[in-house]
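A.B. asks: First, the structure itself, so that you have it in front of you.
No value in this document is a laboratory result; all are computed from the given coordinates. None of these values were measured; they are calculated from a predicted model. When we count neighbours, we look across all protein chains shown, and the Cβ atoms used for this are built from the backbone with ideal geometry, even at glycine.
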Amino acid sequence: MAAARSASWAFEEVTVKNKAALKHNMDLVMFTGGDLSDTNLPNYGQSDSCYLCTAQDNVQTNHMKTFNVPIIYRSPLISAIKQQRKQQDRMKKDFTPTLLDFGPVRIQLARHFGFCYGVENAIEIAFKTVDENEGKRIFLLSEMIHNPQVNNDLLSRGVKFLMDTSGRQLIPWDELSADDIVIIPAFGTTLEIEGRLQDMGITPLQYNTTCPFVERVWNKAEQIAAKEYTVIVHGKPKHEETRATFSHSRHHTPTVVVKDMEETHRLAAYILGTQPAEQFYEEFKGQYSEGFDVTKHLQRVGVVNQTTMLASETQAIADYIKQTIQEKYQLADNQVAERFADTRDTLCYATNDNQTAVTGMLEEEADLAIVVGGYNSSNTSHLVELCEEKLPTYFVSSEEKLLSRDEVLHWDFHHHQELHSTQFLPQKETPATILLTSGASCPDAIVEGVIRKLLSFYGLEHKVNEAIETFG
Ligand code: SF4
């Protein structure tokens, strides 16, 4: 049986139990350096602080928990490459890509991509729950993660989704009974849904796969709230995670969601008082907490964000709000904290590492980039956004989208449509160089599938096994 909230984040080989762990009711909260696991956790720990709550505790561990993820999601090639890179660079300082030189086609593979801690944790809990509860009805509140293969695999095991990703009900609540199992996805859920499940006799957190890095955002919002700041959430208002964060935050303090810099500019106009207050309620409909008073609740604010946003955008939004507050109240730099909570962004380590790895990858000369992931995956779309700034980029959900050497189906996330493009591979004699990465919910097996398909267009499929031996 899966564990209740926070109890499943036990880490292995804990050397020091810490205050932060007690606070979060965990065995251990975070780490300072050491040998990181296959889940590629970050090396933020150099400062002896708790990554989840920023508490200053002496936190040490040697190994993070490793997860039992179905073998079909693993790739011998990618595992061998990741393992070699990890051995060469244990503290993850080197974000240059790995070159796979197959002669006519060269692939620059990002230093960091694929399943993150939260996704592996969610997959382990979900499949274990299915295995251990034969005969019981098992529901997921919505897609567990934003990857079609993983979600389809769960559906094929009899799991049903109660809602779609935008919160539209697929199965009425009244069809559930107290005997049913409901799994909370990695994005977490709202307090309202937790309450609803409780009322039906279903223990809401018994099968909880909420990622600790999402819970960290909730903790940050609560900390800000305790100091009487309003919370501004930078996130996609309809995204499951942002809806959950909004719900948790508004429980403690007035909260408003902004999705991008354009909305931030519009919110800033209300901070400055240059827009009539009554327009706010129409303009930000559905994005502010009940009782939000725009004339009072934008005087003292702090910013948290969905864990998968673009790092540069979150930074720019926080800076802009800070500057606006400073201008409105004529604050000197040393007075800003009176009205602007100084929060580090609440992006998760996987988002940070994947985006940094893309930046490193983009330093290389290349003809095109391929980004692999679910079309509704927020973190993947931001990797696409970064690549698009530099070169032609194709966002594909699997190798099946690579139709031939000349044709590809790919997702245009700006306009939410799948496009059919031709001649996506360079039509030249010199080697084609392709940058390749994937989102945090994409199985490595799919990335290997993409590599195999690309090689097949050049008659080089057999080279994959050679590459496994080279890196193995
Ligand atoms: S992308 Fe980040 S927040 Fe989301 S599940 Fe992975 S580690 Fe957790």
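A.B. asks: Tell me whether region 346-405 comes out rounded, prolate or oblate; compute the Cα gyration tensor, take square roots of the eigenvalues as a ≥ b ≥ c, and use a/c under 1.5 as the rounded threshold. Please list the in-between numbers first.
C.D. replies: On the way: a/c = 2.42, a/b = 1.25, b/c = 1.93.
Oblate shape, in that a/c is at least 1.5 and b/c is the bigger or equal ratio.
A.B. asks: Further question on the same structure: Using the alpha carbons of region 395-450, what is the convex hull volume per residue in cubic angstrom, as a whole number?
C.D. replies: Numbers: hull volume 5.5 nm³, N = 56.
Given the Cα convex hull of region 395-450, per-residue volume reads 98 Å³.
A.B. asks: Suppose the chain between ARG266 and MET91 were pulled fully straight at 0.36 nm per residue; how much longer would it get relative to their current alpha carbon spacing? Walk me through the numbers before you get to the answer.
C.D. replies: Details: separation 175, 0.36 × 175 = 63.00 nm, distance 4.11 nm.
Once the chain is fully extended between ARG266 and MET91, it gains 58.9 nm.
A.B. asks: Find how much the distance from ASP179 to ALA337 grows on full extension, using 0.36 nm per residue of separation minus their present alpha carbon separation; answer in nm with one decimal. Write down the numbers at each step before the final one.
C.D. replies: Working: separation 158, 0.36 × 158 = 56.88 nm, distance 4.98 nm.
That pair, ASP179 and ALA337, stretches by 51.9 nm at full extension.
A.B. asks: Which aspartates and glutamates does LYS136 reach when only Cα atoms under 12 Å apart count, and residues fewer than 8 places away in its own chain are ignored?
C.D. replies: Cross-link targets: ASP179, ASP180.
A.B. asks: Separate question: Once label points are set 7 Å from the Cα along Cα→Cβ at both ASP164 and GLU290, what is their separation, rounded to one decimal in nm?
C.D. replies: Modelled inter-label distance: 2.7 nm.
A.B. asks: Taking every DSSP beta bridge that has both residues in the chain, what percent is antiparallel when rounded to the nearest 5? Walk me through the numbers before you get to the answer.
C.D. replies: On the way: 16 of 46 bridges.
Counting only bridges with both partners in the chain, antiparallel ones make up about 35 percent.
A.B. asks: What are the extents of the Cα atoms of the chain along their three principal axes, in Å, largest first?
C.D. replies: For the chain, the Cα extents along the three principal axes come out at 66, 54, 46 Å.
A.B. asks: May I ask you to derive the FRET efficiency for LYS128 and GLU365 from their Cβ-Cβ distance with R0 = 30 Å, giving the value to the nearest 0.05? Present the calculation step by step, with values, prior to reporting the outcome.
C.D. replies: On the way: r = 45 Å, r/R0 = 1.50.
According to the calculation, E is roughly 0.10.
A.B. asks: Please name which of VAL450, THR470, THR430 has its Cα lying farthest along the dipole of the chain towards the positive end, using unit charges on Cβ (Lys, Arg +1; Asp, Glu -1) and the Cα centre as origin.
C.D. replies: THR470
A.B. asks: Moving to a separate point now. FRET efficiency for ARG196 and LYS390, Cβ-Cβ distance as r, R0 = 45 Å, nearest 0.05? Write down the numbers at each step before the final one.
C.D. replies: Values: r = 46 Å, r/R0 = 1.02.
My answer for the efficiency is 0.45.
A.B. asks: Now for a different question. Tell me which GluC sites (Glu not before Pro) from region 135-238 have a DSSP coil assignment and no more than 13 other beta carbons within 10 Å of their own. Could you put the intermediate results ahead of the total?
C.D. replies: Values: sites: GLU143, GLU175, GLU192, GLU194, GLU215, GLU222, GLU228; in loops: GLU143, GLU228.
The qualifying sites are GLU228.
A.B. asks: Nearest 500 deg cm²/dmol is fine: what mean residue ellipticity at 222 nm does the chain get from its DSSP H runs of n ≥ 4 alone, each adding -39,500 (n - 2.57), divided by its residue count? Before the final figure, lay out each step's value.
C.D. replies: Details: 14 runs with 163 residues, N = 472.
Value at 222 nm, helices only, nearest 500: -10500 deg cm²/dmol.
A.B. asks: Ok, one more. Could you please tell me the mean projected area of the C-alpha convex hull for region 212-347, averaged over all directions and given in square nanometres to one decimal? Spell out each step's value before the answer.
C.D. replies: Numbers: hull surface 28.9 nm².
Over every viewing direction, the Cα hull of region 212-347 projects on average to 7.2 nm².
A.B. asks: Set the bar at 31 Å for Cα to Cα. Now go through LYS220/LYS285; LYS92/LYS227; LYS82/LYS401; LYS236/LYS328; LYS93/LYS428; LYS93/LYS128 and name every pair that lies beyond it.
C.D. replies: Values: LYS220/LYS285 24 Å; LYS92/LYS227 35 Å; LYS82/LYS401 25 Å; LYS236/LYS328 27 Å; LYS93/LYS428 35 Å; LYS93/LYS128 35 Å.
Long pairs (Cα-Cα over 31 Å): LYS92/LYS227; LYS93/LYS428; LYS93/LYS128.
A.B. asks: May I ask what percent, to the nearest 5, of DSSP beta bridges between residues of region 212-347 are antiparallel?
C.D. replies: Numbers: 1 of 11 bridges.
DSSP beta bridges in region 212-347 are roughly 10 percent antiparallel.
A.B. asks: With +1 on each Lys and Arg Cβ and -1 on each Asp and Glu Cβ, how big is the dipole of the chain about its Cα centre, in debye rounded to the nearest 20? Can you show the working numbers first?
C.D. replies: Details: 44 positive and 65 negative charges, 144 e Å.
Here the size comes out at about 700 debye.
A.B. asks: Also: Give me D for region 117-211 in µm² s⁻¹, whole number, from Stokes-Einstein with Rh from the Kirkwood sum over alpha-carbon pairs, 20 °C and 1.002 mPa s. Walk me through the numbers on the way to the answer.
C.D. replies: Working: Rh = 13.1 Å.
Here the translational diffusion coefficient equals 163 µm²/s.
A.B. asks: As an exercise, use a Förster radius of 45 Å and the Cβ-Cβ distance of THR422 and GLU222 to find the FRET efficiency, rounded to the nearest 0.05. Before the final figure, lay out each step's value.
C.D. replies: Working: r = 52 Å, r/R0 = 1.15.
Once the sixth-power term is evaluated, E becomes 0.30.
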